[in-house]
1. Taking the Cα-to-Cβ direction at Met40 and at Leu293 and moving 7 Å from each Cα, how far apart do the two end points lie in nm?
2. Once you place label points 7 Å from the Cα toward the Cβ at Ser58 and Asp346, how far apart are they in nm?
3. Taking 0.36 nm per residue of separation and subtracting the Cα-Cα distance, what length does fully extending Thr73 through Lys433 add?
4. Rounded to the nearest 0.05, what FRET efficiency do Glu14 and Phe145 have when you use their Cβ-Cβ distance and R0 = 51 Å?
5. For the pairs Lys184/Lys212; Lys118/Lys404; Lys36/Lys404, flag any whose C-alpha to C-alpha distance is greater than 26 Å.
6. Short version: ³J(HN,Hα) in whole Hz for each residue of region 451-466, in order, from phi by Karplus 6.51 cos²θ - 1.76 cosθ + 1.60 (θ = phi - 60°), x for Gly and Pro, what are they?
7. At 222 nm, what value in deg cm²/dmol follows for the chain if DSSP H runs of at least 4 each add -39500 (n - 2.57) and the sum is divided by all its residues, to the nearest 500?
8. Please work through the chain and write down the cysteines that have no neighbouring cysteine Cβ at a distance under 4.7 Å.
Amino acid sequence: MTIIDHSRFIDEQEISRILEANRRPEPQKIREVLAKASEMKGLNLEEVAVLTGISDPSLLHELFETANRIKETIYGKRLVIFAPLYISNLCANECVYCAFRAKNKAVVRRSLNQDEIKRETELLINQGHKRILMVAGESYPKNSFQYVLDSIQSIYEVKTNKGEIRRVNVNIAPLSLEDFRLLKGAKIGTFQLFQETYHRETYHNVHIGGKKMDYNWRVTAFHRAMEAGIDDVGIGVLFGLFDYRFELLAMMQHIRELERVFGVGPHTISVPRLEPATGSDIASHPPHAVSDLDFRKIVAILRLAVPYTGIIMSTRETAQMRRDTFALGVSQISAGSRTNPGGYSDSDHEDDSSQFSLGDHRPLDEVIRDVASMGYVPSFCTGCYRLGRTGADFMDMAKPGDIKNHCNPNAVSTFMEYLMDYASPETRAIGEKLIEEAIGSMQGLAQERARMLVAKVRMGKHDMYC
């Protein structure tokens, strides 16, 4: 496949027209869209625009109820857990909202060497983590992409008496087709990249130096990644830079473009809001601040619009906001996060080298206990990647509901592994009770597999999945 200039698939005029036409939708129209969403086949741009126009409290309640019903039907009571691992805050870009921007003298620069990366990985494993999102500023030591490849290998090489990292996802700068092929060869999971804002004028106003100024290079990165054979990509917008309604419709245009060209859209969607960052005025005063209510709307609308795509909620948000969004569509969360290189081994220097401020500072065990007490099963599963259930193959199993026969048993199995190896006594008591309830609610093949896998874990076996 030869990649051509796909950058014009973001059609700002079309978005403006659709938003204007649906600025004040009638209640009947809103309910028609909610009824269609309940079929779990997704929504088009106009339907998404209709939902962004909801302001009536009773209709908001209906939106949230529909999102909850779809989330429960597709994902059940399951939340995937991961941690970010920042390996470097070196950056050649000037993004006015980011502490890592090149000319920001208020941030202490650091890039971890391979031994330091292994140490950070070991600390994460000893907390109980099994999957990592490896993050780097958009510049590397000696300007060498080999640093990224070596770092992925270092993470995978770390083994402890209790386990290892079983999946490394990456959030790094857009690459050439050739480098994406090398990244694929490094056995990554998901390649994650945020456009930050799809609005071109805003994009150019907030990116004032470095290669990131090139809107087209960034917005076509997933085309190159998927052509290179990377099945799963993770999309996202930094909400607060421009009108969230525009961003939602633009993101939908991006998703539909990937579906048109490659037959499958993104594996995950992230929904970060602009948070304070060292040396950035705009980060503390977002030009298009998103209220807590509108933020919940964003999560709910995305769950209706792309029902089978994972939605990620980071520790940018407070513990309460994270709890609120579990029922609205969030299916993956980070926990115990640090956003500075070396942050897990040296928490004293978090403030002067972090990318942004965190809203949830709780350690992993506390997050797990909280999640489990709400009835959600924390999942550390990485089975799909090792069994080839990625990209279109994953969606082919997800849409008819077959994936739950794997995901639900794997969730309780990996949760039991966490409880036995890492959990505090209080967390283990809550977790084991939840596992029994979760297995009891499963049916048929899923229940049979869950009981078998959990029994093996109880006998001391690790990494049991189906």
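Rule-based calculations on the coordinates, nothing more; no lab input. Everything quoted here is computed from the prediction, not taken from an experiment. Glycine also receives a Cβ, built like all others from the backbone with ideal geometry; neighbour counts cover every protein chain displayed.
1. My value for the distance between the label points is 3.1 nm.
2. So the two model labels end up 5.9 nm from each other.
3. Once the chain is fully extended between Thr73 and Lys433, it gains 127.4 nm.
4. The pair Glu14/Phe145 has a calculated efficiency of 0.90.
5. On the way: Lys184/Lys212 22 Å; Lys118/Lys404 34 Å; Lys36/Lys404 23 Å.
Over 26 Å Cα-Cα: Lys118/Lys404.
6. For region 451-466, the Karplus curve yields 4, 5, 5, 5, 4, 5, 5, 4, 7, x, 7, 10, 6, 8, 7, 10 Hz.
7. Numbers: 20 runs with 219 residues, N = 466.
Theoretical 222 nm ellipticity from helices: -14000 deg cm²/dmol.
8. So, Cys91, Cys381, Cys384, Cys407, Cys466.
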